[in-house]
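Asker: The structure follows.
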Amino acid sequence: MRKKVYFYTPYERAWHWIQAAAVIVLLVTGFEITYASGFSVFGFETAVNVHDVVGLVLAVNAFLALFYNLAGGLLRRYIPELDDLFSMGFKHASYYLFGIFRGDPHPFDKTPEKRLLPLQKVTYFFVLNLLLPFMVATGLLKWSAHLDPSLLDLFGGLNVLAPLHRFGAWLFAAFVVVHVYMITTGRSASSNLLAMIRGYETVEEPDGAETAPDRAR
């Protein structure tokens, strides 16, 4: 039996789409800045300015999300535990590597309180708590070069920071590709996308699927 369930608040949906747009623009402008001789969308100078402004938007939006989750007591939803990484993580990975192609039922029930499944928790923890701060820090240091070039020397200069920032950008690009693929693995190819637009998702009533433990309650 199917029922319509409210998953995402207006703020959560707005935050998601702002971040998604910011990441895409940053990847495009960053690619243009790095490979300006063979790739042009905005023009080099405009790409640099857009990259700087959108990077600030992404950082502020991420900070607001942190405040939102802290104030609402929701932060623990995003903190993985050992089971998420090992036993349940392996079960989750096995489904996407093999089970989904055999038509097996999903091993976990998704609910508003447990919207992030084991591997999602691990991935989002890495992206939001490690990769994003790393990109903001290296980006700010690169930006500071025109204000105080000596500051860069403390971190090895642009010869060190620029490759590190590019490496982080490629990790973000890989995350986007996987994320877009995962969007298509819902009840239908568009159900996850529509849920993030409308806030509601149609789900099956639990029928033997294991519920991923949620210690955030």
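The values are calculated or read from the model by the stated rules, or taken from the named source; none is laboratory data. None of the values given here were measured: they were computed from a predicted structure. Every residue, glycine among them, receives a Cβ derived from its backbone with ideal geometry; neighbour counts consider all protein chains shown. These area figures cover heavy atoms from the full protein model, side chains too; ligands, DNA and RNA do not enter into them. Shrake-Rupley method; radii C 1.70, N 1.55, O 1.52, S 1.80 Å.
Asker: Can you tell me which of 167, 175 is open to solvent by less than 60 Å² (accessible area, probe 1.4 Å), modelled with pLDDT of 85 or more and of a type in the set (Phe, Trp, Tyr)?
Answerer: After ruling out the rest, the residue left standing is 175.
Asker: Would you confirm, using the coordinates I've provided, whether residue 25 is touching a strand residue (DSSP E or B) at 6+ places or on another chain (Cβ under 7 Å), at negative phi and surrounded by 12 or more Cβ atoms within 10 Å (Cβ to Cβ)?
Answerer: No; evaluated as a whole, the condition is false for this residue.
Asker: Tally the residues that are closer than 19 Å to residue 134 by Cα and without any contact (Cβ under 8 Å) to a residue 24 or more places away in the chain, restricting the search to segment 1-20.
Answerer: Here the count works out to 1.
Asker: So, in segment 52-74, exactly how many residues are without any contact (Cβ under 8 Å) to a residue 24 or more places away in the chain and either under 15 Å from residue 22 (Cα atoms) or among the hydrophobic types (A, V, I, L, M, F, W, C) (or both)?
Answerer: Of the residues in that region, 8 qualify.
Asker: Could you say whether any residue in segment 140-148 is open to solvent by less than 50 Å² (accessible area, probe 1.4 Å) and either over 30 Å from residue 48 (Cβ atoms) or touching a residue at least 40 places away in the same chain (Cβ under 8 Å) (or both)?
Answerer: No, segment 140-148 contains no residue that is open to solvent by less than 50 Å² (accessible area, probe 1.4 Å) and either over 30 Å from residue 48 (Cβ atoms) or touching a residue at least 40 places away in the same chain (Cβ under 8 Å) (or both).
Asker: How about segment 104-146: which of its residues are charged (D, E, K, R) and either at pLDDT 90 or above or within 18 Å of residue 20 (Cβ to Cβ) (or both)?
Answerer: Of everything in segment 104-146, just one residue is charged (D, E, K, R) and either at pLDDT 90 or above or within 18 Å of residue 20 (Cβ to Cβ) (or both), namely 115.
Asker: Can I ask one more? Conditions: (1) open to solvent by 30 Å² or more (accessible area, probe 1.4 Å); (2) at positive phi. Residue 67 meets all but one. Number of the miss?
Answerer: (2)
Asker: If you don't mind, another one. Can you find even one residue in segment 82-100 that is open to solvent by 60 Å² or more (accessible area, probe 1.4 Å), closer than 18 Å to residue 184 by Cβ and out of contact with any helix residue (DSSP H, G or I) (no Cβ under 9 Å at 6 or more places or on another chain)?
Answerer: Yes, the conditions are met somewhere in segment 82-100.
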